[in-house]
Structures are given as C-alpha cells and as structure tokens.
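Here, each number is a calculation from the coordinates, and none is a lab measurement. From a predicted model like this one, the values you see are computed outputs, not experimental measurements. Positions of Cβ are generated from backbone atoms using ideal geometry, with glycine treated the same way; all protein chains shown enter the neighbour counts.
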Amino acid sequence: GTENSSTTSARQSSIPHYLVQSFYEMHEQEMVSKRMHTEAKAALERFNGNETNDSRQSKEGLQTEFQGATLILQEAQNSTLEASLPILARVNNVLDNLHQQESHAMDSTGNHGNITNDATNENHSRRTTCPSIMTRLMMCVVITNATPKALAEYASQSETNYHRLNNLLQLQLVDANTATVEYSNNRNLMREMLHANGPMDDNYGQSLDIYHSITDNLKRDDAELFSTHFVLHRLALAMALEYCGSTQQTSHVIFDTNTPIDCIQRYHHYETAYLNGELDPLFHTLSTLDLRMVVDANASNEELFWCRAMIRNYRPDFILPTNGDKDNGYQWKYCQIVRSDVKYQTPAWKTFPKTYQQLLSGGGKCGPRAWMGRIACKAFGIPTWGVRQPGHAAMSHWMPYSDLQENSAWVICLGGPNWSKSHWPQRSGEDFIAEMTARRSQGMYERRVLCLQWMADAHQEAKLPSQTPAFKNRNAKQRNRFWSELAIAQTNILVQQQQQEAHALGLKSTGRTLKSQNNLHDTTQATSVKTLEERLHFLHHASSPRNPSTSHMTKTGALVVPAAGNNYRQPNNNNHKVKLMPSFLAVQEDIDDDDEECSCELAMQIHLQQNFSISYDVTVNHTNGFNKRMLSNSMDVGNSATIEAATVHYTLQLRIVTVHDNTAPIQLRIQPSSAIATTMSSLLGPFSTNREQQNFGNDERHGNYHQPYIIDIPNTAGEWQWTKPIVVSFRPPPPRTTSTDNKYSFTFYRDIEDAWGLSMACFKLEPKSYDS
C-alpha cells in the first residue's frame, strides 16, 4: 500500500526489543509457576478422602505448599500483565489510529471503511478501490486459515461458488487481461464470520453454501421478515458457521443416534419459534457467536418443541422468573426443571434410542442432568456451554447482567461456581468466561482483542494454549505465540475494566443492569415479536383481566371449577407443596367467546407436589345441570321434582399435566358444607374405594361416607389432558331445605411423601344419570 498516517504511526510505535524480552521472561516465570501450582493442587486433591490421623501432618504440609504456590502464581500473573502493558500501549495506539482512520473514511465516503486510490479517480469505469488495513487483515486471516488451495478448489467447482467466495473476500475481477481487481464495498459478512470465531474447521466454502441455501431460497414473505428481523440473519449465519466442517457428521447428530441434524430444518425451526413468540424475550439481542451455542443442541426439532411446550404447561413459574426468589431468578430460568423433576439416580431407559422425554421421567446422575438442563435452555433460545469439573458434570448458560454475578456474562448451574475448576473439551473455563465477559466491552473487544488474534492467525501461530484444560501442553520456552499472548493479556485487561465498571455502578448491591452491546448489530433494538412470556405478563398486570376465575356452568350442564379460582381454599399447613402460578393457557390457545368450558380456567393454574391437600367450596345445582343435559340430549325425564328425589351421578375429571411414569394417584373426599351437613350426611350416595366399583354400572347402595374416591394420574408427557372419568354420586337435599343449591367441599389430597408433582388447570362435573 501507499505511505499513509497509519504506517507512520506504526513506525513511531515500534516495540523496543527490551520490552519484548521482558515480556517473554515474565511469561516464562508465569508458566513455571502455573505448573508448580497445578502439581501442588493435584497432590492435595489426591490426598483428600484418604486422610488418616497419622497423615494429618502431611496434609497440612500439602495445604501450605498449595497456598504458597497460589501466591507465587498470582504474583507471576501480575508481573506478566505489567510487562505487557507498555507493549499493549503501543499496539493499542496503532489499532486506535487505524480505527479512527477507518471511521473517517466511512463517514466521508460512505464506503464502509474502504479507501479509494485517488490516482485512478480520473477513469471511473476502471476505478480500483484499496481496502483498509483492517479489511486486508481479515482477508489475510480467511485465506491463511482456509488455505489458498481449499479456497481455489471451492471457487473452481462452479460459477456460483466463484461469486460467493469473491463476495466474501470483497473481490471483483474488473479486467481479466490486466488482472485488475476491484474491492467490494460490503465487508460485513467476512467481518461477522470472524467476529463469531469463524466456521468449524475453517471450512469457509461449506459455510457459504449453508448460508446461501438459507438466504437465497427465502419466499417473499420470509425475505421481508429476514430484512426486518436482524436476528434471523445472525441465526442463519450461526447455522452456517456451526454446521460445516469435517466434524459436523459426528458432533451434530440427534441424541443417542447417528442421524445428522438437518441445518436448514433447524434454522426454520428456530425461525418459526421466534416469530410465534415461543423463545426467550432476549433472543433477538443475541450475537452470532451466542446463537452458535443455541443451534448446536443435539435434540431433534420435535424434542425442542416438546421441551418448550412441556415447561410452559407443567411449570410456567420456571419461565416467569423473579429476582427476589433465589431459586427462581434468571440463573435457574428454564433449567430449574432439572432440580425439580430429574431425580439423581441411575437412568431408567425404557426404549432405545434414548430420548430427553425418557430422561426427564427416568432420572439420571450428573451427566444426564446436565444434558437436560442444556436442552431446556437451548429450546428457549438461551446459549449454553458444557462444564466438566473434577468428578462431576455440570452446565453453564448465558444470562444478562443481574445481581447474581457482577463480573460475568455467564453462570454455572448444577455444579460449583468456580470457573477455574471447570473446562469443556479443548478449552478451560477461565479462558471461556474471560472471552465472554470481555466481549461485553461495547466494541473494544474487536478493536483490542480480535485484531491481535487475527495477527496471530496471519502469522500462523499455534492456537491459544489456554484452550487446553490443564495447561499441560503449554511450553514455556516456545516464543512463537507473541500476538496470542498479547490477546490474552488484553482480554484480562478488558475483564478487569468490566469488573471495575460493574463495581462503580453498584451492580451487585443495587441490582442495576449493564446492557449488552455489540458494534456489529444493535442488540438493544426493539422487536415487533411479542413473546408468550411478555403477553402473559401483560395479561396478569392488566387493569381489567378478561378471563373469569369462578366456577361456571357450560351449555351442556357441566360444572367447570378452576383450580386456582375463587372456589379454591388456601391450605393452612402445606403452602410450600401447593403453588399457584399464571397459566400459559391464557395466551397460547385460541379461545372462542362462546367456549364457556375453557374460559374459566385460563388465568391461573396450580402445581401440587408430594403429599398435599387442597379444598374447594363448590355449589352444585343438580336441577339446572340435569335440565340442560337432558334438554341437549332431547330426553324426556319428567319434572325437576323427580330429579330432586333421585340419586344423581356425575362424571368427574381433572385437567392435568404430568411428566413422570407411575405418578401417585390422588384421593378425593366430598363433604357437605357445614351449613347443611346435618341435613345431608345421611343422604349422600355411595362412596367406594374399589376402583372397579366406581364405574357407572355400580348399583351398590351402601358405603362409608368417609371412604375417598381414587383418581389415577397418567403420564401426559407435558401435555394438557383430562384424567379418566370417575363417577361420583349425590342425593339432593329434600324440598324442606331453605336453599335449592347443594354446597359441598371437594378435598383432593395425597399422603405419599416421595411422589412426583402435577399441574392442574381445572376439574369438571358433568351430569351422567340419576336413580329414582
């Protein structure tokens, strides 16, 4: 290129040899200290669990040695960081000048950072543009990592591939005879790919094929959505980067199968879920790199859909978190289902291949529990990263800044919170969380860290050694990772700045939040998509809720009683086992205004755990119910006096959601209200505990009033279903009573301690028959 201000600045900011020498010496001391620390830690961990009285003194010596090694390592790390500061000051000076130069060119020419060569301005038809230094650096990284041979082979396969690659590298051949090249104005695709850490196995060709297979085949309506919802572009790019490369065939397969995941169908699955409002309200703010850690779920699309519906139906409180509840904040949003319903035990697989539905019902130890937690988050569009700790498997997931952690963009669940003890294949937890935290520094990460990593790639340096879990392969004497080590140092500086900013804002004490920002896209951009969660929240905070919460008689004479309505009586002694919560039935079903059977159950639902007892005060008008029922069936049953003198039979059903096999049954006791207990106690119909005798054909006239009905609970696999109907019998009060209404107390209970929970929306009594 020509001499310019950036070149002059680079010469003026050249790094003296003595600074580089000092940095290497401090770095070597840090590596020696790290090995000593690792050895001392391993010796202490081997000793734990094998302690005897005779060896107590030896353990104290190991603890002292480990503490000393920790202090030495901290001092060495501080020395390395101090040695890197004067080097980074000079490097950052160059990078800042380049950034300002690029921004000035973009503002003055609108050419997206490309610099026009004034020598060719006379002939506009043959004008050649010269890309900025940053653009040329990115081009160098792509060509170096992908290799010129692989790119040439891809481009030679078809004209389509040729144009796709040229568009990526911003090249356009103007004159084949003179090999004149014009540089494209659009550098966003290449930049976004590199900003998201590039494609798997550096397979840019296959990544371009996947990306264009999604974007080039959009229908007209989809294309309009694609242009208005920017997250869909990032989602398509995340699919392209994650589902390419030679490892795709083995890493992206459906759980416990060898069936590869179709990346195009996976994109459309998440696109549909996003537009339908099924994903997390913050999904549209995620970056391309974040989305890569969403779409890599090893569940099938059907299982992802099932998981979202199951949690919405079964435990909506796991979707509607509150920061005031330590067990129901954003940290445990969605993945709380593991703590509540995945029992820690040897997995009980019933069929093969295994499924996540089986895992939820059959339980598992730390590994399967972590799998389920990751899928629960990914199903709702929350990025996750696997976590392995000594002798344990856990998970971590993305979260917005909150009062849970003041310096981290991610949180560990189902394991210890220590990132230094965590790793995932080929990467340490410390390195991962440092990158994720530094990326929140509002554009500084690209300018100060990514540029250094691109320099390392351009120089073909070895991959960051911090990506190995135990750092055992890190050679302290190897000096060919200069730019990589500077990138690590710069990342640590940005993390410290993030911590200081959070501390200055009082994030942990006041609960204030820091918004995530990324200069590649506006993550604070509002979206026109209203999620089911947002709609439900609005519904329950509206001044005049639409849905009634009292029992209601349907047109066919069925009495529907909402589980969490006005008829519900708050228990006195088991509040922690009975939870009332908003119901997604209010926003995910299309309710007809005339559908009276459903309208009374929409607002709330109830979750019952272990041994519980709940009661409802229900008024049953036998005459009206049977008149409506018989009228709808065009039956001549005589006058209402005949019904009043008869024993009437109703079918009773519960509308429930369960996720476990062998869920313990519920017992039901029906008692008259205290006001008419004396009058009616001798008039109640038969109450049999024999399930076979509870069918309608039972003609028994004798039974103990105190014997309960038994309701079997099926495994509904996370769907709303009605239980199998049972028959309950009543004898209306005699005509001499002052009220024509029958008032009863319905008590549902279970006495089993170790029993799985269920959620209930309502129960209904439907007239069936009467005996004169």
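Peptide packing for 419-432, 655-668 was compared via the average number of neighbouring C-beta atoms within 10 Å per residue; ordered from the highest value, the list is 655-668, 419-432. Extension gain for residue 44-residue 349 works out to 106.0 nm (0.36 nm per residue, less the C-alpha to C-alpha distance). Packing, taken as the mean count of other beta carbons within 10 Å per residue, orders the peptides 23-30, 59-66, 229-236 from highest to lowest as 229-236, 23-30, 59-66.
Taking 0.36 nm per residue of separation and subtracting the Cα-Cα distance, full extension of the segment from residue 538 to residue 158 would add 131.5 nm. Using a Förster radius of 25 Å, what is the FRET efficiency between residue 566 and residue 609 based on their Cβ-Cβ separation? Nearest 0.05, please. The value I calculate is 0.60. Between residue 661 and residue 32, the simple label model (points 7 Å from Cα in the Cβ direction) yields a spacing of 6.1 nm. For region 744-757, 3J(HN,Hα) computed residue by residue from phi via the Karplus equation (6.51, -1.76, 1.60; θ = phi - 60°) reads 9, 10, 9, 10, 9, 8, 8, 9, 8, 5, 8, 10, 6, x Hz, glycine and proline entered as x.
Length gained on full extension, residue 143 to residue 228, computed as 0.36 nm times the residue gap minus the Cα-Cα distance: 27.4 nm.
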